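Since the structure comes first, as structure tokens, the remarks are kept for the end.
No value in this document is a laboratory result; all are computed from the given coordinates. As the structure is a prediction and not an experimental result, all values here were calculated from the model. Note that each Cβ is placed from the backbone with ideal geometry, even for glycine, and that neighbours are counted across all protein chains shown.
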Amino acid sequence: MKLAGRTALVTGAGRGIGKGCALELARAGADIVANDRADSSDLENTADEIRGLGRTCEAIPSDVFERSSCESLVAQAIERCGRIDILVSNPARGRRNAFLDFPPDDFEDTIRCTLIAGFHISQLVARHMVENGNGKIIFISSVQAEMPFAMSSAYNAAKAGLNHFALTVAAELAPHRIHVNVIEPGWIKTPGEVATFGEDHIRQHEQSLPWRRLGQPEDIGKAAAFLASDDADYISGEVMRVDGAFFLKDFLPAAVNTPKP
């Protein structure tokens, strides 16, 4: 119960990585403000699971892609819980397309919903944390910030920008004793990934991964719980890759020793 007595705001907590983070923070003792879109059918289920762990949970639907909605979310969280000690900033939207064919509106929307939304929610929470004199901010990025996957130019750019943004924020907030860190998930088995690729595709390819499986949302949640705890008190400005060695998959002995055409 390393997070007992602390309150964490987790965006995108209805399912996937956001839910995994919310549940693991709750298991570590934190009370949770769980956020997801207003049309989410999953948010209350997450809240019920958290309450089942013996923690309190305020479920606040809000569109964190918009500044005004972020303002409302943060204000409601502080009003209901008194303070925010931990933020897991998890907004993202992916658009896949070839660079030459990428619709400009889709490109801009991906940057807005992945990078700029992270700015909005983190700035508002950070102002509150400065008043309190401490806090932990954790941005959910992606290995795609470093791996230039084709068909993902907008998402890759947004996550790379998020990494650099987060490190800059870490430098600016260090005098306030506010920790700012980044988690880079690898290939994680979320409802979105299953919908995009299908169970058959995932089963076919996961055996080629170093860990012989996709990551699970709780893998990311456990890393978030560590970074939010006092065990990580001397860590800020860190980009933590949590990917089951996915980043290294092309450098493993078998891959390196396979004859190339």
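Mark the label point 7 Å from the Cα of residue 197 along Cα→Cβ and return the residues of the range 209-235 whose backbone N is within less than 14 Å of it.
Answer for the range 209-235: 209-217.
Could you give the spread of the C-alpha atoms of the range 117-188 along their three principal axes, from largest to smallest, in whole angstroms?
43, 20, 18
Which lysines, on any chain, are close to residue 189 with Cα under 28 Å apart, when same-chain ones fewer than 8 places away are left out?
Excluding near neighbours in sequence, the set is 2, 19, 136, 159, 222, 249.
Rank these for me by crowding, 211, 187, going from fewest to most other beta carbons within 10 Å.
211, 187
What's the whole-number percent of alpha carbon pairs in the range 158-259 lying beyond 22 angstrom?
45 percent
In what sequence do 129, 1 fall when counting other Cβ within 10 Å, fewest first?
Ranking 129, 1 by Cβ neighbours within 10 Å, fewest first, gives 1, 129.
With the Cα gyration tensor of the range 93-159 in hand, convert its eigenvalues to equivalent ellipsoid semi-axes via √(5λ) and list them largest first in whole Å.
30, 13, 6
For a quick check: with amide H placed at 1.01 Å from N, whose amide H comes under 5 Å from residue 180's, ignoring anything fewer than 5 positions away on the same chain?
Sorted by chain and number, the residues that satisfy this are 137, 237.
Would you give the gap between the C-alpha center of the range 95-127 and the C-alpha center of the range 164-241, rounded to a whole Å?
Measuring centre to centre over Cα atoms gives 19 Å.
Please check: in the Gaussian network model of the chain (C-alpha springs, under 10 Å), which one of 76, 216, 207 has the largest mean-square fluctuation.
Per the Cα network of the chain with a 10 Å cutoff, 207 tops the list.
If you average 1/r across every pair of different Cα atoms in the range 1-159 and take the reciprocal, what Kirkwood value do you get, in Å?
Hydrodynamic radius (Kirkwood, Cα only) of the range 1-159 equals 16.0 Å.
Assign one of three labels to the range 1-90, namely rounded, prolate or oblate, based on the Cα gyration tensor with a ≥ b ≥ c the square roots of its eigenvalues; rounded applies when a/c is under 1.5, prolate when it is not and a/b is larger than b/c, and oblate otherwise.
Because a/c hits 1.5 or more and a/b fails to exceed b/c, the range 1-90 counts as oblate.
Under a plain spin-label model, where a point goes 7 Å from the Cα along Cα-to-Cβ, how far apart in nm are residue 75 and residue 206?
4.4 nm
Which value results for Rg/Rh of the range 77-117 when Rg is the Cα radius of gyration and Rh the Kirkwood radius based on the inverse mean 1/r?
1.26
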